[in-house]
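S.K.: Structure in structure tokens, see below.
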Amino acid sequence: MPFDVLDRYLRPLRHGRATSRYPAEAPDLSPASRGLPALDAAACDRSGSCAAVCPTGAIKLESDGWRLDAGSCLLCDACVAACPTGALGHTGEIELATRRRSDLVVLGEPPWAVEGGAAGKALAEARALADANALATAIDRRLGRSLHVRHLDAGSCNGCDWEMSALLNPYHDVTRFGVDFVASPRHADVLLVTGTMTRNLEEAAVRTYEAMPEPRLVVAVGACAIGGGVFAGSYAGRDGIGEVLPADVLIPGCPPRPEALIQGLLLLADRWVPRG
Amino acid sequence: MDETRAGACAQVPASGLAEAVGRSVAAGGRYAMLVGLDERSLGGAGLGLEAVLVGPGGDLERIRAAVPLDATGYPSITPLVPAAHWDEREARDLLGTVPVGHPDPRRLVLHERWPRGYHPLRKDVPVGARPPLADRRFAPFEVHGEGTYALPVGPIHAGIIEPGHFRFSAIGERVLHLDPRLFFAHRGLEKLAEGRPLAGATPLIERACGVCGVAHGVAWASAVEALTGTRAPARAAWARVLLAELERLYNHVGDLGSICAGIGFGSGAARLGLLRERLVRANDALVGHRYLAGIVVPGGLGRPLDAAALAALPGLVADIEAQVAAAVRSIVRSDGVMARLRTTGAVPAETAAALGATGVAARASGIDADLRRDRPYAAYAELDVSVATAASGDVAARFHVRAQEAAASARLVVEAARRLPVGEDRVPLGEARAGEVAIAGVEGPRGASWLWLRAGDAGTVDRVRLRSASFANWPLVAAAMPGNVVPDFPLINKSFELCYACTDR
């Protein structure tokens, strides 16, 4: 029908811009959106209620303080609900990508700024410079305008993978940064790996990595890829991809939101600029 | 939820299990699942198998047999009831129950890197034990003869797709046979759950699948509530309907878009992809998670629903329903699109019934079944669930059924939001008695998902098995392929839209 064809072309003009302005603007989250919990150390009674309910053992109360491993954290807010004194607060902090596993361990007392990346509240304080085109600029400089990404599911629940798919919808539209998903590892600069690294997939995963041309980068996406997530300690695989593949950037979350994936790609391209 | 508490279980000798299941199916029973058990944790001597069926009146039938620990085995159920074929292979891999006379005795869950004789769900195997690597050869099923060739695809695919290996046997482009190989994402979920407190295993169970979390969560919560004699508050029951329909809606809208993507119809894929994004953002505003994790828990709701988001939900969902309908109309009017969907990937009703198809895949082949209506749970008994069916069993039929279900889900969301009672979100759980069993069936976005749960000592999990709708439907994808051309596989696969994660666990 001619009208339908016409409608398909005119629709975008009538409906205006569908795409988010992230990262120039903060991610458009709701008050309920769960992020990394924040601790008010002064109010903490050291009851350990938070550690007891954490489904992945991400929270530890040690003699020198309260620790949260953002790499294992599901951002589920179970600890916030369990805290008897209200010392643990809900935040919408989701831009948590770092370059090193150890940087994901967050100490109770803000600021939580860590070298090579940023986690938690410190990010808000450190936001100094807005650069709408940070990722585009970075990709332009480092990788000749385009970043070709290959998805590798190493045994996930499918959640991270669906968020990766969401990067290609018109709202997140990651192609605006020159990022595109490619069909073959031979065309890829970056491997975005989800899942725990199951035994049934390990050989295929390693061969996918080996098929990539140098220089090649690896991103561990989500709690499972970083440390096994809820599946840590299973007979069926490893606790994360780290024993098999070298991760250049780690993106926490269960699953990481599309904005968190974009932030991780930005960090990978060495140009993550916190907003002012 | 007394209907979830499993009723009496018929004991039969291992030699008579297949016959008993066959008799039940012949009498109009619908095969639901087979559960492999190690009875030694509860004082038994060896292994066990329990078949669960839904009788013609909707009641559950349980048939259990003791199976010896050695490799003597039992006569296979599959020759009589083909729907049991993957269940029997899975139980053999994970527990060592040997189905004698099974037509396809290859390994299913544990691939070549697993040593022989290693059965992780046996109780004498510790939870975290990782056995040494084995190195055997994979034996794919291929058709041989003049002009035939085999085309291996996967486990790593070209798109953002989960891992699976597909071995096509073809002449030219025409497919003769498809041998699908899954369980690459086998994460050992069921073993990890064993020994955990019933109240604490929820985050693990709902992560059987990132996009069927509410379906698994509701099944889990219902089963735990049945074992602990807990009655979830009315508000939680209605909220579960609301959440389950939101899950169905975003999945179906996304799947309609994926079918468009499967034939390279970009404008349809973009339009529906944007609507799906609006839906998952609405989920996030309501419960703080885009895929609705952490909200359905045993005893009720894990957190309150956001009041402002709840108030805005009916208007937003009605708007999306209208836009989905407009997008679907535009797609259906496109002859170029519909020509690709019609007659492609057809599954006849008899095949669908024999293989135990469920959900959209079954209803598109004319099987009128939906657990929301047939065995209502949560607050579904008070709702009129219209069940859409189609006769042709092809991609177009699955497209139409899914589109109608999406519209029906949107209306159910609006109604559930309107009728959501005020009251408490959650009640404390009672005590569970060791050895008791609860069985829950939930109609998720992909069909009926079954959960079998037995309590262990001190309120822990002794054994849990999840048999997802995707697990039931994967063999249908293989049955839909012969006679079609290889390049139509992505489209046919998308029209079923099955999860690998749900299946592999």
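The values are calculated or read from the model by the stated rules, or taken from the named source; none is laboratory data. Every value quoted in this text rests on a predicted model; they were computed, and no experiment measured them. With ideal geometry, Cβ positions are generated from the backbone for all residues, glycine too; neighbour counts draw on all protein chains shown.
S.K.: Any idea which of B:V109, B:V127 is over 22 Å from A:D153 (Cβ atoms), in contact (Cβ under 8 Å) with a residue 60 or more places away in the chain and either within 9 Å of chain A (Cβ to nearest Cβ) or in a strand (DSSP E or B) (or both)?
M.R.: The conditions single out B:V127.
S.K.: At least 1 residues that are modelled with pLDDT of 95 or more and within 14 Å of the chain's Cα centre (by Cα) in each: list the helices (runs of 4 or more DSSP H) lying fully within segment A:140-227 that qualify.
M.R.: Passing ranges, in order: A:159-166, A:222-227.
S.K.: Does any residue in segment B:338-366 that is on the phi < 0 side of the Ramachandran plot come within less than 6 Å, Cβ to Cβ, of a residue that is at pLDDT below 90 and β-branched (V, I, T) six or more places away or on a different chain, and which pairs are these?
M.R.: Note: pairs meeting the criteria are B:R340/B:I263.
S.K.: Which residues, counting only those in segment B:283-294, are closer than 15 Å to A:P258 by Cα and surrounded by fewer than 24 Cβ atoms within 10 Å (Cβ to Cβ)?
M.R.: Across segment B:283-294, the qualifying residue is only B:D284.
S.K.: Identify all residues within segment B:180-207 that are closer than 15 Å to B:Y500 by Cα and more than 10 Å from chain A (Cβ to nearest Cβ); write none if there are none.
M.R.: Answer for segment B:180-207, where residues must be closer than 15 Å to B:Y500 by Cα and more than 10 Å from chain A (Cβ to nearest Cβ): just B:P180.
S.K.: Condition check: more than 20 Å from the chain's Cα centre (by Cα), over 29 Å from B:A308 (Cβ atoms), surrounded by fewer than 19 Cβ atoms within 10 Å (Cβ to Cβ) and facing another protein chain (nearest Cβ under 9 Å). Does A:D4 satisfy that?
M.R.: yes
S.K.: Follow-up. Name the residue that is farthest from A:P255 (Cα to Cα), counting only residues in segment B:259-271 that are in contact (Cβ under 8 Å) with a residue 40 or more places away in the chain and within 9 Å of chain A (Cβ to nearest Cβ).
M.R.: Restricting to residues being in contact (Cβ under 8 Å) with a residue 40 or more places away in the chain and within 9 Å of chain A (Cβ to nearest Cβ), the top hit is B:G268.
S.K.: Can you tell me which residues in segment A:57-99 are surrounded by fewer than 22 Cβ atoms within 10 Å (Cβ to Cβ), more than 14 Å from chain B (Cβ to nearest Cβ), in a loop (DSSP other than H, G, I, E, B) and in contact (Cβ under 8 Å) with a residue 60 or more places away in the chain?
M.R.: A:R99
S.K.: Can you name the residue in segment A:156-165 that is small (G, A, S) and buried (at least 24 other Cβ atoms within 10 Å of the Cβ) and is also nearest to the other protein chains (Cβ to nearest Cβ) among such residues?
M.R.: Here is the first cut: in segment A:156-165, the residues small (G, A, S) are A:156, A:159, A:165.
Still in the running and buried (at least 24 other Cβ atoms within 10 Å of the Cβ): A:156, A:159.
On the way: A:S156: 7, A:G159: 3 Å.
Among those that are small (G, A, S) and buried (at least 24 other Cβ atoms within 10 Å of the Cβ), it is A:G159.
S.K.: Within segment B:289-298, is even one residue facing chain A (nearest Cβ under 9 Å) and of a type in the set (F, W, Y)?
M.R.: There is at least one residue in segment B:289-298 that is facing chain A (nearest Cβ under 9 Å) and of a type in the set (F, W, Y).
S.K.: May I pose another question? Looking only at segment B:133-147, count every residue that is closer than 26 Å to A:L201 by Cα and among the acidic types (D, E) and tell me the total.
M.R.: 2
S.K.: So which of B:E497, B:E431, B:E443 ends up being in contact (Cβ under 8 Å) with a residue 24 or more places away in the chain and within 14 Å of another protein chain (Cβ to nearest Cβ)?
M.R.: B:E497
S.K.: Next up: Is it true that A:D4 is outside any loop (DSSP other than H, G, I, E, B), modelled with pLDDT under 90 and among the acidic types (D, E)? Show your work before the answer.
M.R.: Details: outside any loop (DSSP other than H, G, I, E, B): yes; modelled with pLDDT under 90: yes; among the acidic types (D, E): yes.
Criteria met by A:D4.
S.K.: Right, here's the next one. What number of residues within segment B:112-124 satisfy the criterion of being free of Cβ contacts under 8 Å to residues at least 40 places away in the same chain and on the phi < 0 side of the Ramachandran plot?
M.R.: So the answer is 7.
S.K.: Do we find a residue being of a type in the set (F, W, Y) and surrounded by fewer than 24 Cβ atoms within 10 Å (Cβ to Cβ) anywhere in segment B:443-462?
M.R.: no
S.K.: Restricting attention to segment B:451-465, report how many residues are at pLDDT 95 or above and under 20 Å from B:R231 (Cα atoms).
M.R.: Going through segment B:451-465 one residue at a time, the tally reaches 7.
S.K.: Inspect all residues belonging to segment B:82-103 and state whether any of them is part of a loop (DSSP other than H, G, I, E, B), within 16 Å of A:A236 (Cβ to Cβ) and free of Cβ contacts under 8 Å to residues at least 40 places away in the same chain.
M.R.: No, the conditions are met nowhere in segment B:82-103.
S.K.: Of (1) of a type outside the set (F, W, Y); (2) within 20 Å of A:C224 (Cβ to Cβ); (3) not in a loop (DSSP other than H, G, I, E, B); (4) not assigned by TED's automatic domain parsing to the domain that holds B:A432, B:A170 satisfies all except one. Which?
M.R.: Looking at each condition in turn, B:A170 falls short on (2).
S.K.: Can you tell me how many residues in segment A:198-217 are surrounded by 24 or more Cβ atoms within 10 Å (Cβ to Cβ) and either under 20 Å from A:R99 (Cβ atoms) or out of contact with any Gly (no Cβ under 6 Å at 6 or more places or on another chain) (or both)?
M.R.: Number of matching residues: 2.
S.K.: Mind listing whichever residues of segment B:32-72 are touching a residue at least 40 places away in the same chain (Cβ under 8 Å) and of a type in the set (D, E)?
M.R.: Hits for segment B:32-72 are B:D38, B:E50, B:D59, B:E61.
S.K.: Same structure, new question: Looking only at segment B:310-323, decide whether some residue is at pLDDT 95 or above and over 28 Å from B:G268 (Cα atoms).
M.R.: Checking segment B:310-323: at least one residue is at pLDDT 95 or above and over 28 Å from B:G268 (Cα atoms).
S.K.: To continue, here is another question. Being in contact with a strand residue (DSSP E or B) (Cβ under 8 Å, 6 or more places away or on another chain) and not in a strand (DSSP E or B) is true for just one of B:P482, B:P487. Which residue is that?
M.R.: Result: B:P482 is the single residue among B:P482, B:P487 that is in contact with a strand residue (DSSP E or B) (Cβ under 8 Å, 6 or more places away or on another chain) and not in a strand (DSSP E or B).
S.K.: Sticking with this one: With (1) touching an Asp or Glu at 6+ places or on another chain (Cβ under 9 Å); (2) within 14 Å of another protein chain (Cβ to nearest Cβ) as the list, and A:A24 as the residue in question, which single condition is left unmet?
M.R.: A:A24 satisfies every listed condition except (2).
S.K.: Can you tell me which condition B:R248 does not meet? The list is (1) within 22 Å of the chain's Cα centre (by Cα); (2) within 18 Å of A:W162 (Cα to Cα); (3) within 11 Å of chain A (Cβ to nearest Cβ); (4) crowded, with 24+ Cβ neighbours inside 10 Å, and all the others hold.
M.R.: With (1) within 22 Å of the chain's Cα centre (by Cα); (2) within 18 Å of A:W162 (Cα to Cα); (3) within 11 Å of chain A (Cβ to nearest Cβ); (4) crowded, with 24+ Cβ neighbours inside 10 Å applied to B:R248, the lone miss is (3).
S.K.: Still on this structure, I have one more. Determine the pairs where a residue that is hydroxyl-bearing (S, T, Y), located within segment B:186-205, has a partner that is in a strand (DSSP E or B) with Cβ atoms under 9 Å apart, the partner being 6 or more residues away or on another chain.
M.R.: Cβ pairs passing all conditions: B:T202/B:V296; B:T202/B:V297.
S.K.: Of the conditions (1) under 25 Å from A:D180 (Cα atoms); (2) out of contact with any Cys (no Cβ under 8 Å at 6 or more places or on another chain); (3) of a type in the set (V, I, T), A:T198 satisfies every one except a single condition; which number is it?
M.R.: (1)
S.K.: Say whether the condition of being modelled with pLDDT of 95 or more, assigned to a helix (DSSP H, G or I) and more than 21 Å from B:I160 (Cα to Cα) is met by at least one residue in segment B:423-443.
M.R.: Scanning segment B:423-443, I find no residue that is modelled with pLDDT of 95 or more, assigned to a helix (DSSP H, G or I) and more than 21 Å from B:I160 (Cα to Cα), so the answer is no.
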